[in-house]
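Written below as structure tokens is the structure these notes are about.
Readers should treat all values here as calculations from the given coordinates under stated rules, not as data from a laboratory. Bear in mind that the values here come from a model prediction, so they are computed numbers and not experimental data. Here the Cβ positions follow ideal geometry from the backbone for every residue, glycine too, while neighbour counts run over all protein chains shown.
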Amino acid sequence: MPDVIVRQATVKDAEEIYEIEQLCFPDPWSLESLVYEFEENERAFYVVAELDNKVVGYAGLWWIFDEGHITNVAVRPDYRQRHIAEGIMGVMLQFTNEQGIYHHTLEVRPSNDAAIKLYEKLGFEVEGRRKNYYANNGEDALIMWRHVEEEE
Ligand SMILES: CC(C)(COP(=O)(O)OP(=O)(O)OC[C@H]1O[C@@H](n2cnc3c(N)ncnc32)[C@H](O)[C@@H]1OP(=O)(O)O)[C@@H](O)C(=O)NCCC(=O)NCCS
């Protein structure tokens, strides 16, 4: 990924992350929720990718005991399919592995082929399904997990 900077996010990134949320999701997080994540939620960890002097993608995670629960992953529509999400998630997974988190999970819509392929490429597998999970259309959620050995 030439010229892309992948780094831990801070509250200064909240507005740009909010902008990406609005571009990417039918039920975006509010700016207040994102600011809360940075200022109050000690279990939250966010990574962003910067390119062309702006935040072009991000991913978030909550540390819950020895598990990482991925809250969101998104890339600006005009920056997709350049391996930016893969780079962001790779950094997030490696960093949290180094902190002792070897089990990561997330929910994804069965219709979200791009995201499922991304997660499979990173080693996630479907282990369950939540019925009527998404409020906007009642779509189920696939529950995916990635487990790695401590040596990795
Ligand atoms: C899902 C998303 C984050 C992928 O971001 P991206 O930066 O375009 O993905 P990458 O370029 O890093 O792709 C990595 C791998 O994911 C898979 N992938 C990504 N986009 C894909 C697409 N449109 N179709 C098929 N596979 C795709 C491929 O396996 C790809 O590897 P490859 O190029 O070597 O084949 C992006 O499409 C997005 O923001 N979608 C809207 C928000 C969203 O749905 N987030 C997930 C919520 S669960």
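Quick rundown of the values:
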| item | result |
| --- | --- |
| Spatial separation of Cα centroids for segment 46-82 and segment 90-149, in angstrom | 13 Å |
| Qualifying GluC sites (Glu not before Pro) for segment 10-88 [loop in DSSP, other Cβ within 10 Å: at most 12] | Glu40, Glu42 |
| Global form of the chain, assessed from the alpha-carbon gyration tensor, a/c cut-off 1.5 | rounded |
| Added length on full extension, which subtracts the Cα-Cα distance from 0.36 nm per residue, His69 to Tyr134 | 21.7 nm |
| Value of [θ]222 nm, deg cm²/dmol, for the chain, DSSP H segments ≥ 4, -39500 (n - 2.57) each, nearest 500 | -9000 deg cm²/dmol |
| Contour excess over end-to-end distance, with Cα ends at Asp27 and Asp78 and 0.36 nm allotted per residue | 16.4 nm |
| Nearest-0.05 FRET efficiency for Gln94 and Glu19, computed from C-beta distance (R0 25 Å) | 0.40 |
| Within straight-line cross-link reach of Lys117, lysines at Cα separation under 27 Å, skipping those fewer than 8 residues along the same chain | Lys54, Lys131 |
